[in-house]
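A short worksheet on the structure shown next.
The values are calculated or read from the model by the stated rules, or taken from the named source; none is laboratory data. Treat the numbers as computed from the prediction; the structure is a model and nothing was measured. Neighbour counts are summed over all protein chains in view; Cβ atoms, including those assigned to glycine, are modelled from backbone coordinates with ideal geometry. The accessibility values were calculated without ligands, DNA or RNA, using every heavy atom of the protein model including side chains. Shrake-Rupley method; radii C 1.70, N 1.55, O 1.52, S 1.80 Å.
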Amino acid sequence: MAAYSLPVPKGWLSAGSYYEGAVERALTALRDPRTPERLTRYYSLNSNYAGATFTQLHDPEPTRITERDLLAASLLDATIPPATVRALLVEQESAEQVHELLSLERLPMTARLEEATPELLMAMDELYTALRGVIPPSRNRYSVNWSTAAKLASRKRPNLFPVRDEVVCRYLGLWPSQYQVDWQVFARIISTPEVRERLERLICRCAEPEGVDVGDPANLLRHLDVIVWMHAPKRT
């Protein structure tokens, strides 16, 4: 499959100028000889990384946000404020809204970002916007609600929503983050043949040792995020 540009809804920003740099940075992370060890460490049952624990928190309710989803997102350093817990688990109106937006007709479990239609992108947009709406701004001016919403959306549809946080977006040249642009860029990256080939080989290699749990090897967007995040410099 050749890399291509997503057909996006009318009015969306074009991401064309970001493609080349982001793909090359992703390939740099994938080609790094230290990446196999980093990936194995992230998914090791003996490490303190989130990988194996996250994958073992299976999602039995793909159309609802549950306590298990909030716990899984928190493992990825997502801040889940009390108001968000109430909105998603207690308040019927907002919980039902998210339930409807997560319907399998709107967001099929088999759908993949690199194959998204404009209609599917609009359904993704509605879910992501609704999740952002129930996450109040933090008192910490450096903290934003978009990353928590991204991690919750990725938890429910890992092949549609990139995890996206500041570390990954900065490394890929997508800062300040704009989700409509980010989704197009991640679709471009994941549909690049060399990216997919290297990513699939790395996941198979990482899954071999005992005590390592990568979850579903086919969740390539999630595994790509891990590789880029482990490779990227962290701000202190």
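Summary of values
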item	result
Search result, residues across the range 1-50 that are open to solvent by less than 20 Å² (accessible area, probe 1.4 Å), part of a loop (DSSP other than H, G, I, E, B) and modelled with pLDDT of 95 or more	9, 15, 32, 43, 50
Entirely in the range 132-236, the helices (runs of 4 or more DSSP H) that have 3 or more residues that are under 25 Å from residue 102 (Cβ atoms) and at pLDDT below 95	145-156
Residue in the range 115-128 that is crowded, with 20+ Cβ neighbours inside 10 Å, closer than 27 Å to residue 4 by Cβ and touching a Phe, Trp or Tyr at 6+ places or on another chain (Cβ under 6 Å) present	no
The range 58-76 - residue that is polar (S, T, N, Q) and in a loop (DSSP other than H, G, I, E, B) and, of those, surrounded by the fewest Cβ atoms within 10 Å (Cβ to Cβ)	66
Options 23, 8; residue that is over 20 Å from residue 158 (Cβ atoms) and either of a type in the set (Lys, Arg) or touching a Ser or Thr at 6+ places or on another chain (Cβ under 6 Å) (or both)	23
Single residue of the range 80-110 satisfying the filter (part of a loop (DSSP other than H, G, I, E, B) and of a type in the set (Ser, Thr, Tyr)) that is most open to solvent (accessible area, probe 1.4 Å)	110
Where a residue in the range 111-124 is assigned to a helix (DSSP H, G or I) and its partner, wherever it lies, is polar (S, T, N, Q), with Cβ under 7 Å and at least six apart	113/159; 114/191
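Here's the yes/no breakdown for (1) without any contact (Cβ under 8 Å) to a residue 60 or more places away in the chain; (2) within 20 Å of residue 33 (Cα to Cα); (3) open to solvent by 10 Å² or more (accessible area, probe 1.4 Å):
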| position | (1), (2), (3) |
| --- | --- |
| 156 | no, no, no |
| 165 | no, no, yes |
| 188 | no, no, yes |
| 202 | no, yes, yes |
| 205 | no, yes, yes |
| 208 | yes, yes, yes |
| 212 | no, yes, yes |
